[in-house]
Every structure is written in structure tokens, then in C-alpha cells.
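Quick notes on the structure that follows.
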């Protein structure tokens, strides 16, 4: 049976995201030893975008479980298969097609921010080195369009070693660091049209915002490594 078409008006459940946060906290703290730094920097209310580096599949669930507020992550549509699809939808996560302009996902993500929620994004688009070296324009678009502050998040240790029992996961009870940084505006260093959160999203504005975002995320990652004592070569 084919899956019924999605409607752009179907918003992810905020209550579901809170349930997902509680479930994530239980699982992540049960299997590993998360060390969370700077969680107080996440705005206590109002819209915010968590920009997370990505080296392992558990990065999203880890942030979901340790973040101080419920988070709606943009997750690749390939993950929404079988029983996982209704589960992810039920806990308020957003399905997105990474290979096309997914207008439904864009509208829903903006609605999350409009109602004062927290949107989670992997700005590199997929798992990789987790060094923020190559950012897609999506993060800048959402930040410029909504005016929501960006909170940089560094997950360190998830891909450092393989587990003995389950090779695809970090060793059980190993420490994984999640470091939240100070929120910043995507356009805070820009001058002229597009500056100051006007919502204008010309190619020039998005390119300048992306460059600024990358600089701030890279600086946060370097600082997070210093704080946690983790070398870049280990990640």
C-alpha cells in the first residue's frame, strides 16, 4: 500500500518532540556516558536553530536526548522506512529529500520556527568528517528567512572508536561530549540589504551568511575540542 501524500499544513508535534527528548535521554544515558557542556546557552524560549556536526548515526538522537528543549530534526527521507517512519513522525521529526527542493519540508521547518520551536539541522547535509568544512545553503536560508539565532553544537567521540559488541556503534558506556555554543545571528556581520534579519534571501545574502556561519561553526568546533581535550585527529 502506498503512503498517503503529505500535506504542508501537517506540522510536527511539539508534544511528540518532547516525548522523543525524554526517550532519547533514557537511551543515550543508558548506553553511553554523555557529557553535556553549555546547554544553558540554548535560548530558553523562542525560535532557535541547532547546527550540529555529523560523523555518526547516533549524533542526532544524542542531541535530541541531551538538548534542554524539544528539537525537530530535518532527517533524510531514507530513514523513514518500515516501523521507523511512524515513530520518527510521532516524535516530531521532519522528513526531507536531500536530493531535491523539498518544499513540504521547508514549509514545515519554517512553521516550527514561526511557532517558537527548535529546529535541528546537520548543515553538512550528510555524515562525514564532522568539521563543518562544506556547508549547504539550507541552514543560511532558514536562519535568514526566519531571523532565528543559530546555536552551534559539536558532538565529539561518537566516531572515535568502534564498539566490541556492536561494530556500528561507539563502545557501550564510552563518553561522548556534546558542546553547545553561544547563539549568533546569520547576518550579524553583514552590511547593507539583507543585514539585520530583514528576511531577504538573495544569492549574495545567502552566500555571505553561509560564509559567516561556517566561520562561527568552525571556531566553535575548535573551542569544543580544546574544552574536551579531544584532538581533531581522533574524530
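With only alpha-carbon pairs counted, each pair once and no self-pairs, how large is the Kirkwood hydrodynamic radius of the range 77-124 in angstroms?
Numbers: mean 1/r = 0.0857 Å⁻¹.
Every distinct Cα pair counted, the radius reaches 11.7 Å.
Between residue 14 and residue 207, the distance separating the two model label sites (each 7 Å from Cα on the Cα→Cβ line) works out to 3.8 nm.
Kirkwood Rh, Cα Rg: Rg to Rh for the range 14-234? Show your work: numbers first, answer last.
On the way: Rg = 16.7 Å, Rh = 17.5 Å.
Ratio of gyration radius to Kirkwood radius for the range 14-234: 0.95.
Take every Cα pair under 8 Å whose residues are at least 6 apart in sequence, average their separation, divide by the length of the range 14-234, and the relative contact order is 26 percent. Look at 27, 52, 42, 101 and count the other Cβ atoms within 10 Å of each Cβ; fewest to most, that gives 101, 27, 42, 52. Take 218-229, 202-213, 58-69 and order them by the average number of nearby Cβ atoms within 10 Å per residue, most first; the result is 58-69, 202-213, 218-229. Note on 174, 231: ascending count of other Cβ atoms within 10 Å places them as 231, 174, the fewest first. Listing 113, 119 from fewest to most neighbouring C-beta atoms within 10 Å gives 113, 119.
Every number in this text was worked out from the coordinates using simple rules, so none of it is lab data. Every value quoted in this text rests on a predicted model; they were computed, and no experiment measured them. Cβ coordinates were reconstructed from backbone atoms using ideal geometry, including for glycine residues, and neighbour counts include every protein chain displayed.
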